[in-house]
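*Asks:* First the structure, which I've put down as structure tokens, then a few questions once you've had a look.
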Amino acid sequence: MATKKRAASSQSAQSDAETVTRPDWRLGASLPWFLSARQSLMAAERAQRLPHALLLKGPPGIGKGAFAEWVARFALCEYAERSPCGVCHSCQLHAAGNHPDLRRIAPPPGKNQIPVDAIRQLIGDLALKSYRGARKVGIVDPADALNSAGANAFLKTLEEPGQGTLLLLVAHRIDRLPATIRSRCQQMALPGPTTAQATQWLETQGDAPWSGLLNLVNNAPLAALALVESGAADLPADMESLYQALRRGGPVDLIAAAEICHKEFPQLRLTWLESWATHRIYAAAGVAMDQDIKAFDLPVAASTPHIESLFALIDQTRAAMGHLRGSVNAQMVFEGVLATFARCVRSSVS
Ligand SMILES: [Zn+2]
């Protein structure tokens, strides 16, 4: 097994700091699975019914941050009837990355939470008069990263935002947000793409084994792009070749394989193994595996000889995901998981 870095030839896949800290509004304007969301917001704007606080919710890795940037650009554009026009002064300021009426907050690098000071700064900035005499926009991405002090500090602004203020909260898991925050926002569920949409879009971004990668990230295309950026493009093929070697029945050095697994993308390899077992349980139960069905909702399986090994593999991979976050001997964890994997493969062949 060997994993090599292979970058997609994509502008949006660039890993420069700008892309990391500020999602590209052009993605939000173009991703096909957000078409109806864009249309409904534009209709709300025409009817002058854009809410003052919008909670954009949906699974991670589908482009919600980019969508929020598009909403900000669209709301700040000075030509409502053809916004975002791209030519007005507001659009130019946004393109240059320094629109004075737009503020964004996120956790500091390496942190999981947004500090309460950052929220207070945002609240203070939004309370000031608009520089361009129009809207002011604040983006909190991800809002799940607000701690309770930050959420409490934010409540009054959500309740009584200043004239023309638009707050955009981006959330992967809204159950992590206090009910007091949720109830003060209009919620908008952003859908993820179908598998066909995701694959089609990714193929325009560059050449990579997208199908296998999408499988590892719950069909989230931006997360699949990030895997390629991090050098994990060949991981599905690596795991497949281990599977094929076991299937052929010859000698396989599981200790060496475990060493690679725990050193290179261990969590992803566990996800691959869990997905592999889940697909086989579905097949054994005669149920078509759908990308949208979560591995947590396993069907009652038919009693095939290897079904118990498959369930054992799923249990073991899930336990290993937890163990790897702590201080454990990762080599031993993988040796155990791969031994069960080998049992699954060989019992299904025999
Ligand atoms: Zn404009």
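*Asks:* Assess whether residue 149 counts as being under 25 Å from the mean Cα position of the chain (by Cα) and at pLDDT 90 or above.
*Replies:* no
*Asks:* So which residues in the range 43-73 are within 16 Å of the ligand (Cβ to nearest atom) and free of Cβ contacts under 8 Å to residues at least 40 places away in the same chain, if there are any at all?
*Replies:* Going residue by residue through the range 43-73, those that are within 16 Å of the ligand (Cβ to nearest atom) are 45-46, 50, 69-73.
Hits for the range 43-73 are 45, 46.
*Asks:* For the range 325-334, check the following and say yes or no: at least one residue is in contact with a Gly (Cβ under 9 Å, 6 or more places away or on another chain) and either at pLDDT below 80 or of a type in the set (Val, Ile, Thr) (or both).
*Replies:* no
*Asks:* Quick check: is even one residue across the range 84-100 in contact with a Leu (Cβ under 6 Å, 6 or more places away or on another chain), more than 16 Å from the ligand (Cβ to nearest atom) and in a loop (DSSP other than H, G, I, E, B)?
*Replies:* No, the conditions are met nowhere in the range 84-100.
The values are calculated or read from the model by the stated rules, or taken from the named source; none is laboratory data. Note that this is a predicted model, so its numbers are computed, not measured. Heads up, the Cβs are rebuilt from the backbone with ideal geometry, glycines too, and the neighbour counts pull from every protein chain shown.
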